[in-house]
Each structure stands twice: as structure tokens, then as C-alpha cells.
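Undergrad: The structure is given below, and queries will be raised subsequently.
The values are calculated or read from the model by the stated rules, or taken from the named source; none is laboratory data. Bear in mind the structure is a predicted one, so any value in this text is a computation, not a measurement. Positions of Cβ are generated from backbone atoms using ideal geometry, with glycine treated the same way; all protein chains shown enter the neighbour counts. These accessible areas exclude ligands, DNA and RNA; they are computed on the full protein's heavy atoms, side chains included. Shrake-Rupley method; radii C 1.70, N 1.55, O 1.52, S 1.80 Å.
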Amino acid sequence: MLVVVALWVLGGGVQDLVQASTALTSIGRLSALVASDLLLIQVLLMARIPMVEMTYGQDELARRHRWTGFWSFNLIVVHVVTITLGYAATSPTGLWATITDFVLNYPGMLLAVAGTVALVAVTITSIRAARARLRYESWHLLHLYAYLGVGLALPHQLWTGKDFLTSTVATVFWWTLWAAAAMSLIIWRVAQPLWRSLRHQLVVEQVRAENDRVTTVVMRGRMLHRLPVRAGQFFQWRFLDGHGFTRAHPYSLSAAPDGRTLRITAAHLGDGSARLATLRPGTKVFFEGPYGRLHEGVRTRRKVLLMASGIGITPMRALLEELDQRPGDVTLIYRASSEQGHILVDELNTLAQRRQARLFVVTGRRASQRSSWLPQDYTHLGDVEALGQFVPDVASHDVFICGSPGWMDAAEHAVLAAGVPPENVHIERFAY
Ligand SMILES: Cc1cc2nc3c(=O)[nH]c(=O)nc-3n(C[C@H](O)[C@H](O)[C@H](O)COP(=O)(O)OP(=O)(O)OC[C@H]3O[C@@H](n4cnc5c(N)ncnc54)[C@H](O)[C@@H]3O)c2cc1C
């Protein structure tokens, strides 16, 4: 961002600001430069660059991607308005003739208008109220138009953008940035997943019903010991059973990877997850990943508290199995709304016994009076007080949290209030 602003200053941007006739176009140029930069950063944030993924985690990246997206869009609007008004102010033909002249006669401008329309569609459908009305798949498909929008905007920058063309440094900088963004997408979103899927030849081995709303799928593959994955991480899965190939769904591993198989456990929320129950052994599986920061690698303390609610138990089950631990180092608190809703509890009991970890299953209806990680029957206790009763030295633990959004917020709040430093709280959200 600093380079972009410095290039604008070197290109006479500040001098142009002080003259009435060029001030608007100067602001228009600056906003375009920053908007383009943000658009590319936005693409880079979602390019699954391993170092970036490991640092921030996909949920945080999605949050920043969204924030960056709205800002780049706002600046594009500023750019369009100020450049148009700036040119119209110095043109004898007036506003409408300037707009027509721009669109029809300036190189790349028609493409840029089409690109802007694509970006408007993406931005509007990403506003929360609009997004909530769309199916995830429809929203995601529309969202891909953002790449089209960015691509269509490129030519007018290269052909007419003063700040792209005046200095070699600027031209090299921008081409490098565009090439880095495009290459990152090609490498990490296309080539690496394809290579890994072809290399490991994953197929469904077993499909098991945990109950009538939850399915476990075990997959086997070749050379899985070479796949750099750890318990607690997740993949985007595509099951090649007809139209399923076009839809990727994220699921965490529900068992520690053993070098031969990978296992997921999914609650039936909609079409995609319910379909898992109908998978047949032998179905081919394409995957992207592994992703996620909820693994042993982020741990800095000996003692670990795992907190899960509902289907958020899946990565915790895998972590309980894999974490390096001495007796009593690991505690798992599993919150479920009812005994029928317990998932994998027999496995959790067996694992806790084998690894001499402490397991608490906290069952009961969600508290109605206040936001709490505890069930209704326990809310006479404070959230922090109750945590202290389960894990008295909680402040000296690394804490891993996964579950429904409201419950996670309450759990995070309680562990922070109990004295766990924020850098020792590790979270995976199942929704962006
Ligand atoms: C990092 C991560 C790990 C997850 N791990 C598990 C797990 O181990 N077990 C489990 O049961 N669930 C897990 N989920 C949630 C699971 O991905 C969704 O429940 C599933 O994709 C829903 O798809 P659907 O077609 O059945 O439901 P829909 O009715 O289409 O959607 C239900 C909800 O899931 C969201 N969703 C749908 N598709 C996707 C997608 N491709 N990416 C992100 N969100 C989507 C929708 O926005 C909606 O809020 C995880 C989600 C994330 C982000």
C-alpha cells in the first residue's frame, strides 16, 4: 500500500491536488490505485497460500477478505465518480458527453464497465442480509464473478492508467503484483489440489451412520503418510458421485490421520451433508487442503483444554487422539444439547481412558436468560466460575474451541476472563 501511494506522490499526485482543475482526477487516480491494490490483496487472501493460511486461519482470512472487498468497492465508486467529474469539469462538452466519450473511445473502458458491473453484483450479494437469502452454492457461484471483474478491469489500467505507465518501477511493481496474484491462484487453488488428489487417489472405504442426522465417512488412499496433515485440520471435499463434484464442502478430520485413511464426521444440515449418507464405497474423492490452525503446531503449553459443542467435537476427537500428552495434560469439555445429540461419545471415552485425559460431557438445553457456554441447569454458576471447577489451572492451558457460533463466543469470553492469554486461545469456526 505504501509503494502504491509513494508511486502516486512521485507521479505528481500531491501537486495535482492543490490545483482545482486536476484535484478531482488526482483523487480519482489515488483511489483507483489503492482499490486495485486492495482487490489484489483480496485475491491473495483467498489464494490458500500456505504461509498465510497457517498464520491467520481461513475464518480470519475470510473476515479480512470481506472487509478488504467492501473497501476496494467503495474506492472504486470514488474513482469512477471523481475521474468522471474531474474530466467533465475541464471538458467543454459537459458531463454526459464526457461519460459517453470515456466508455466508447478510451481503450479498455468498455471492459472496465463490464468488470464494475460484475463487482457490483458480487458486493451486493455479499451484504449479510442479501447473502442470507441465497443458497450457499448460488452465492458462491456469483462470487466467482469477482475474478471476472478484476480481470476485466485490468486492461483499462494498463492502457490508460497514468500511474501504471509513467515509470518503469510502477510498471514492474504492478505487473509483479498481478502475476503473483494469478500464479498464487493457479498454484494453490488449482495445481496443488489436483496434484494431491491424483497422487493420493482417495476413495470412500466405509460409510457409517452415527445416528439418523450424523454420518461418518472413512476414505483410503495411496501414500497418505506423505500428505502433510495433522489432527484438527480440515479439507474441502468433493465426492465424485454425479453432480457432487461441482460442490466442495469443508469438513474437519474426526480421527487422527494414520497414514492409510482419512475420516470425517458430518451433521446433516442441508443437501450436501445429507448426501454423505448415500455415498457408496469406491466413490472417488477430490480434495483441497489440509487447512486450518487448530493443530498441535500452534500449541505452546504442556496443558491443553479442548472445548467443543455439537458437531464441533469432530476436530477435538482427532486432537484428543493425536496430541502429545502425559496423563492429566489434556482435558476435553464436550457440550451437547441432549443425550440423543451425543456424537462419538463411546470413542471419546475409550480415547480418554487410553490417553489418561479428562473428559467432561456437559449435557442440557441452551441457557435462555444469558449467553453462556453452560447449559440452562448450570447457569446458577458464572461462566468463569464453572470453568474453574472443571479446570482449576485453566490460565496455564492452551485452549482449543470449536462449536456453534454463539456458544464459541461465550466459551472464548469465559476462557479469556479466566486469564488465558488471547494468543493461547485457538478457534475454528464452521461458518464464515
Ligand atoms: C472449516 C470448517 C470445518 C467444518 N467441519 C465440519 C465437520 O467436521 N463436520 C460437520 O458436520 N460440519 C463441518 N463444517 C460445516 C459444513 O461444511 C457445512 O455444514 C456443510 O458444508 C453444509 O452443507 P449443506 O449443503 O449440507 O448445507 P446447506 O444448507 O447448503 O448450508 C448449511 C450451512 O453451511 C454453510 N455452507 C454450505 N456449504 C458450505 C461450504 N462449501 N463452505 C462453507 N460453508 C458452507 C452455509 O452457508 C449454511 O450456513 C465445517 C465448516 C467449516 C468452514
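Undergrad: Of all beta bridges DSSP finds with both residues in the chain, what is the antiparallel percent, to the nearest 5?
TA: Counting DSSP beta bridges with both partners in the chain, the antiparallel share is about 55 percent.
Undergrad: Over the chain, what relative contact order in percent results from Cα pairs under 8 Å that are six or more residues apart?
TA: 12 percent
Undergrad: Quick one: pull the percent of accessible area on the stretch 131-222 belonging to carbon and sulfur, 1.4 Å probe, ligands and nucleic acids left out.
TA: Heavy-atom surface of the stretch 131-222 belonging to carbon and sulfur, 1.4 Å probe: 66 percent.
Undergrad: Where nothing but the Cβ of Lys and Arg (+1) and of Asp and Glu (-1) is charged, how large is the charge dipole of the stretch 324-432 around its Cα centre, in debye to the nearest 20?
TA: 220 debye
Undergrad: Between Ser21 and Thr166, how high is the FRET efficiency from 1/(1 + (r/R0)^6) when r is the Cβ-Cβ distance and R₀ = 25 Å? Nearest 0.05.
TA: With R0 = 25 Å, the Cβ-Cβ based efficiency is 0.85.
Undergrad: Any idea which of Ala35, Leu152, Thr93 is furthest toward the positive side of the dipole for the chain, if Lys and Arg beta-carbons carry +1 and Asp and Glu beta-carbons -1?
TA: Leu152
Undergrad: With r defined as the distance between the Cβ atoms of Leu10 and Ser138 and R0 fixed at 41 Å, what FRET efficiency is calculated, to the nearest 0.05?
TA: Numbers: r = 45 Å, r/R0 = 1.09.
E(calc), rounded to 0.05, equals 0.35.
Undergrad: Can I ask one more? What number results when the radius of gyration of the chain, computed over Cα atoms, is divided by 2.2 N^0.38 Å?
TA: Dividing the Cα radius of gyration by 2.2 N^0.38 Å gives 1.17.
Undergrad: Given Cα pairs under 8 Å that are at least 6 residues apart, what percent is the relative contact order of the stretch 194-330?
TA: Answer for the stretch 194-330 is 30 percent.
Undergrad: Go from 0 up to the bin containing the longest alpha carbon distance in the stretch 317-377, width 5 Å each, and give me the % of pairs per bin.
TA: Distribution as computed: 4, 18, 26, 18, 15, 12, 6, 1 percent.
Undergrad: Where the Cα atoms of the stretch 200-241 are projected onto their three principal axes, how long is each span, largest first, in whole Å?
TA: 35, 24, 15
Undergrad: Right, another one. Roughly how large, in nm² to one decimal, is the mean projection of the convex hull of the alpha-carbon atoms in the stretch 15-90? Before the final figure, lay out the partial values.
TA: Details: hull surface 22.0 nm².
So the mean shadow area of the Cα hull is 5.5 nm².
Undergrad: Provide the per residue accessible area, probe 1.4 Å, for the stretch 309-390, rounded to a whole number of square angstrom.
TA: 48 Å²
Undergrad: Same structure again: Using only alpha carbon positions, build the gyration tensor of the stretch 245-288, then give the equivalent ellipsoid semi-axes as the square roots of 5 times its eigenvalues, largest first, whole angstrom.
TA: Calculated on Cα positions only, the semi-axes equal 18, 13, 11 Å.
Undergrad: So what is the relative contact order for the stretch 1-116, in percent, with contacts set as C-alpha pairs under 8 Å and at least six apart?
TA: 27 percent
Undergrad: Taking the Cα centre of the stretch 11-98 as the origin, how large is its charge dipole in debye, to the nearest 20, when only Lys and Arg (+1) and Asp and Glu (-1) carry charge on their Cβ atoms?
TA: Here the stretch 11-98 has a charge dipole of around 80 debye.
Undergrad: Please find the FRET efficiency linking Val103 to Ala182, where r is the Cβ-Cβ separation and R0 is fixed at 30 Å, and quote it to the nearest 0.05.
TA: Values: r = 27 Å, r/R0 = 0.89.
The pair Val103/Ala182 has a calculated efficiency of 0.65.
Undergrad: Using the 2.2 N^0.38 Å rule of thumb for compact globular proteins, work out how the stretch 250-359 stacks up: its C-alpha Rg over that value, please.
TA: That ratio works out to 1.13.
Undergrad: Stokes-Einstein D for the stretch 1-158 at 37 °C, 0.692 mPa s, Kirkwood Rh over Cα pairs, in µm²/s? Walk me through the numbers on the way to the answer.
TA: Working: Rh = 17.0 Å.
In µm²/s, the coefficient is 193.
Undergrad: Here's a follow-up. If you put +1 on each Lys and Arg Cβ and -1 on each Asp and Glu Cβ, how big is the dipole of the chain around its Cα centre, in Debye rounded to 20?
TA: Computed about the Cα centre, the dipole is about 880 debye.
Undergrad: Once a ≥ b ≥ c are taken as the square roots of the eigenvalues of the Cα gyration tensor of the stretch 341-432, is the result rounded (a/c under 1.5), prolate (a/b larger than b/c) or oblate (a/b not larger than b/c)?
TA: Rounded.
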